[in-house]
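Accompanying notes for the structure given below.
Bear in mind these aren't lab numbers, they're just calculated from the coordinates by the rules spelled out. Note that the structure is a prediction, hence the values are computed from the model and not measured. Methodologically, a virtual Cβ is constructed for each residue, glycine included, from the backbone with ideal geometry; neighbour enumeration extends over all protein chains shown.
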Amino acid sequence: MNFKLKTIVPQLITVLAVILVFGFFTYNAQINMENRGIDFGYGFLSQESSFDVQFSLIEYDGSHSYFRAYLVGLLNTILVSVIGIIIATVIGVMVGIARLSPNYLINKFAAFYVEFFRNIPLLLQIFFWYFAALRALPLPQDAEAMFGVFFLTIKGLYVPAFIWENLNIFFYSLVAAVISIIIIKTYAKKVQETQGKQIPVFLIGIGLIFSLPLLSFLIGGVNLSFEVPKLKQLATTSFIYEGGVSLPPELIALTLSLSLYTATFIAECVRAGIQGVGKGQKEAAASIGLTPNQVLKLVIMPQALRIIIPPTTNQYLNLTKNSSLAAAIAYPDLVLVFAGTALMQTGKAIEIVSITMLTYLSLSVSISILMNWYNKKIAIKEK
């Protein structure tokens with residue numbers, strides 16, 4: 001009983017102290033706001049925003065509400081974060097493996113990449129890509145078509161737009177392919193554990209991913225066409241591309257900077273994870289006839305992932321939070337649209353800052369939960 005009290009009492013005192021401190025600052029802020037005649041509330045979210053945003057994934061103009069503006073900023077933040085995480089992961093894994101390559105040139109090039117990009121401040125890299133690299137691109141009327149359909153100009157990247165018919169059938173075919181792959185992978189794992197035989201899950205999965213959607217085109221009535229951007233003259237010296245999808249230079253610069261910067265840290269996580277696997281296990285795997293690729297896939301990576309995942313999760317969180325630097329180049333993310341323009345127009349500093357903080361906290365916690373689930377799923381379990 002005394003032991004329980006000794007453990008519970010300090011925790012209760014800590015919780016009480018936190019509540020008292022939070023209550024003190026809340027009460028103090030409330031008194032100061034009342035003295036200055038500042039109203040507190042979130043009713044402004046339903047008011048008309050009266051400002052436009054240059055890039056939005058959903059329909060938006062100045063007649064929409066501040067809550068709609070918040071959604072625009074949130075979706076733009078999620079967009080650059082997801083794309084950045086994917087690109088950074090791909091580059092990071094390749095560079096991390098390359099750093100352990102016995103090939104001198106590959107090894108040194110990977111080491112140079114890591115040391116170069118991680119030692120330059122991220123904000124300077126964003127400025128370089130936006131003000132130097134992308135500003136040197138041609139005007140729309142001078143741009144050369146890439147593969148006849150892509151146009152990279154000073155105003156952004158213009159790509160064809162997909163026009164679908166019966167998109168739902170195509171989506172169902174993809175879902176069916178994914179479910180089939182999961183079932184086959186589960187069956188292959190059981191076969192390997194019981195009989196020691198390997199089923200080519202990767203090749204079967206590739207076949208299903210391509211064959212089932214192809215069937216939706218052949219017999220499911222799915223049709224896909226492309227809307228290619230076309231150059232249009234607005235004035236004597238003013239040109240713009242119409243049609244297709246336009247990616248603003250701010251998005252390109254921010255994505256490149258976040259990806260290349262974060263990939264250096266992921267590469268070091270991958271290198272440390274692989275080096276954390278005992279050399280004896282690699283030699284033992286090679287001694288029973290496994291090829292280098294099989295050793296990497298079946299022996300090294302399953303064990304290395306236990307070391308790689310936790311620090312890589314931190315890098316995903318850093319990339320998501322670093323996306324707030326988008327305001328430096330006027331990319332309309334959550335900070336610029338909501339914590340910037342909306343705050344200046346409404347004056348609701350406490351409300352808007354608190355919503356922005358909670359939003360980033362929610363995004364970070366969501367990433368942590370997902371990565372912790374994956375880390376637990378791939379953990380090596382003793383039988």
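Quick notes on this one:
- Sum of -39500 (n - 2.57) over DSSP H runs of 4+, divided by residues of the chain (222 nm, nearest 500): -20500 deg cm²/dmol
- Cleavage-rule hits (trypsin sites (Lys or Arg not before Pro)) in segment 143-213: DSSP loop, at most 11 neighbouring Cβ within 10 angstrom: LYS197
- For LEU234, net neighbour charge (Lys/Arg +1, Asp/Glu -1) across residues whose Cβ lies under 15 Å away: +2
- Cross-linked pairs LYS108/LYS155; LYS321/LYS377; LYS108/LYS279; LYS189/LYS282; LYS190/LYS279: Cα-Cα separations exceed 24 Å for LYS108/LYS155; LYS321/LYS377; LYS190/LYS279.
- For segment 29-42, 3J(HN,Hα) per residue [Karplus equation, 6.51 cos²θ - 1.76 cosθ + 1.60, θ = phi - 60°, Hz, x = Gly/Pro]: 5, 5, 4, 5, 5, 5, 5, 8, x, 8, 7, 10, x, 10
- In summary, the aspartates and glutamates within cross-link reach of LYS232, defined as a Cα separation below 14 angstrom excluding same-chain residues under 8 places away, comprise ASP142, GLU242.
- Relative contact order computed over the chain (Cα-Cα under 8 Å; 6+ residues apart), in percent: 22
- Charge dipole (Cα centre; +1 on Lys/Arg Cβ, -1 on Asp/Glu Cβ; no other charges) of the chain amounts to roughly 1960 debye.
- Cut-off of 10 Å, at most 10 other beta carbons, DSSP loop: longest stretch of the chain lacking such GluC sites (Glu not before Pro): 145-381
- Euclidean distance of C-alpha centroids, segment 48-105 and segment 349-369, integer Å: 16
- For segment 161-227, the Kirkwood radius over C-alpha pairs fed into Stokes-Einstein at 37 °C and 0.692 mPa s yields D = 248 µm² per second.
- Packing-based exposure ordering (other Cβ within 10 Å, fewest first) of TRP129, TRP164: TRP164, TRP129
- Dipole axis of segment 218-343 (+1 Lys, Arg; -1 Asp, Glu on Cβ), positive-most option in LEU305, VAL245, SER323: LEU305
- Entry note, segment 161-227: relative contact order of 61 percent, from Cα contacts under 8 Å with a spacing of 6+ residues.
- The convex hull drawn around the Cα atoms of segment 33-179, when projected onto a plane and averaged over every direction, covers 17.5 nm².
- Largest mean-square fluctuation among SER368, SER173, SER257, in a Gaussian network model of the chain whose springs join Cα atoms under 10 Å apart, belongs to SER173.
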